[in-house]
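The values are calculated or read from the model by the stated rules, or taken from the named source; none is laboratory data. Quick caveat: nothing in here was measured; it's all calculated off a predicted structure. Don't worry about glycine lacking a Cβ; one is built from the backbone with ideal geometry, like all the others, and counts go over all protein chains shown. These accessible areas exclude ligands, DNA and RNA; they are computed on the full protein's heavy atoms, side chains included. Shrake-Rupley method; radii C 1.70, N 1.55, O 1.52, S 1.80 Å.
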Amino acid sequence: MVKSDFEFPEFYNFPPFFTIQPVLATREKQLHLWRELILRYHTAYKIKTLIVHDCPLWKNTNLGRELDSTDISIIMNDLIESGHGEWEDLTTSTSTSTSAVHTRCRILWRTPQQLASDIYEWAQVHGFGGGGVCTVYELHSGEDVHGMSFQGADEELLRRGLEVLEHQGKCTMFQGDTSSEDGIKFY
Amino acid sequence: MLQDMGMTSALTKSDHRGDYYTTLARQLADFLRPKLKQAGGLLTLTDVYCFFNRARGSNLISPEDLLQAVSCMKELNLGMSLRDFPSGLRVVQDESFNDEKMAKKLLVLAEHSPEECLTALDASRALHISALLANEQLLSAERMGYICRDVTLEGTRFFPNRFNDFKWIS
């Protein structure tokens, strides 16, 4: 898919969007917009990993603006801190520097915490509350999950959301014959 | 010429040791009042130093004396006072000068300009003040959240702060 298929928001053509704002209050709003853009773009094209030096979002050719590497670092750090991004590659040290060199970032449209509350809400609505049970498979591919944020979700991400729920005492997990038959009991 | 300016005598330090600075401050304030108004309420200390000494002709005051005199203007209620900007720029400011009013003025200027932005030069032309002061005012307006910046190789331009309004329309 070509970048031009995606409908870019108005702020993508606002020149200051490409200058990291020095005034903190303004910067917060700006970083929030960058996060939104990254999430929506990657979700629209179903791209699970953002490769920092390859990401087409950093440059707007029509506007004649682009972010430099310092700006990109600020935006990436903000994304990671928000819980919507995770570095896939480990810290590496080269002969010239021992600073972390991260290039691949997994995009989390919903954070584990958000998935947890989405799942729990769905469970309540569909009558699983108070002891109802369903399988992991049903959560990502069942008939009742159409339109839910966790529909079609990576099993690993789903489990992380479920772990959060377990931690909150809202469910317990138990093993099934196969991993997709592992079950969740909701409270 | 000194008499025209309202100065009946050029004070020297040896004359009135004790209230030398107080009297100098009053003299300075009287001298500056019309100039301050003309400049829109702000003058850099450097400008004040030049104007004042040029008018004096002899018995020039030193930069230290100027600073001392200006520093006591506030408590003497002379209608103006020393102000330090975060950048280090020091000015004499008329007490009626309002930062917020100036920020709003700059916002309107930006909104009505052809490319919807202002450089320090644009602002200085529009407000009839030096580019240095104009830049300081732009920075002040930016801190207050009225405008935001766009930095390129050609320089810095200021836009209305639309970050407050942008929402994703899905």
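Scanning the stretch B:115-142 for residues that are within 14 Å of chain A (Cβ to nearest Cβ) and surrounded by fewer than 17 Cβ atoms within 10 Å (Cβ to Cβ) yields B:Glu115, B:Glu116.
Sort out which residues of the stretch A:33-67 are in a loop (DSSP other than H, G, I, E, B) and either farther than 24 Å from B:Glu115 by Cα or modelled with pLDDT under 90 (or both), and write them in order of number.
Step one: filter the stretch A:33-67 for residues in a loop (DSSP other than H, G, I, E, B), giving A:45-48, A:55, A:61-64, A:67.
Matches in the stretch A:33-67: A:Tyr45, A:Lys46, A:Ile47, A:Lys48, A:Cys55.
A:Gly64 satisfies every condition listed in (1) touching a residue at least 12 places away in the same chain (Cβ under 8 Å); (2) of a type outside the set (Ser, Thr, Tyr); (3) open to solvent by 40 Å² or more (accessible area, probe 1.4 Å); (4) on the phi > 0 side of the Ramachandran plot except (1).
Can you say whether B:Thr152 is β-branched (Val, Ile, Thr), within 11 Å of chain A (Cβ to nearest Cβ) and touching a Lys or Arg at 6+ places or on another chain (Cβ under 8 Å), as far as the supplied structure shows?
Numbers: β-branched (Val, Ile, Thr): yes; within 11 Å of chain A (Cβ to nearest Cβ): yes; touching a Lys or Arg at 6+ places or on another chain (Cβ under 8 Å): yes.
Yes, satisfied.
Within the stretch A:124-177, how many residues are open to solvent by 50 Å² or more (accessible area, probe 1.4 Å), closer than 23 Å to A:Ile47 by Cβ and small (Gly, Ala, Ser)? Matching residues across the stretch A:124-177 total 3.
Checking every residue in the stretch A:69-76 against the condition of being within 14 Å of chain B (Cβ to nearest Cβ) and in a loop (DSSP other than H, G, I, E, B) gives zero matches. Scanning the stretch B:155-170 for residues that are at the interface with chain A (Cβ under 10 Å from one of its Cβ atoms) and modelled with pLDDT of 90 or more returns B:Thr156, B:Arg157, B:Phe158, B:Phe159, B:Pro160, B:Asn161, B:Arg162, B:Phe163.
Restricting attention to the stretch A:10-46 and to residues that are touching a helix residue (DSSP H, G or I) at 6+ places or on another chain (Cβ under 7 Å) and within 7 Å of chain B (Cβ to nearest Cβ), the residue that is surrounded by the most Cβ atoms within 10 Å (Cβ to Cβ) turns out to be A:Gln30.
Determine whether B:Asp15 is at pLDDT 90 or above and either on the phi > 0 side of the Ramachandran plot or of a type in the set (Asp, Glu) (or both). Please lay out each step first, then the result.
Details: at pLDDT 90 or above: no; either on the phi > 0 side of the Ramachandran plot or of a type in the set (Asp, Glu) (or both): yes.
Judged against the criteria, B:Asp15 is not a match.
Any idea which of B:Ala110, B:Ala141 is at pLDDT 95 or above, part of a helix (DSSP H, G or I), under 21 Å from the mean Cα position of the chain (by Cα) and within 14 Å of A:Phe14 (Cβ to Cβ)? First the steps, then the outcome.
Values: B:Ala141 fails: within 14 Å of A:Phe14 (Cβ to Cβ).
One residue alone meets the criteria, B:Ala110.
Filtering the stretch B:56-70 to residues that are of a type in the set (A, V, I, L, M, F, W, C), open to solvent by 10 Å² or more (accessible area, probe 1.4 Å) and in a helix (DSSP H, G or I) leaves only B:Leu67.
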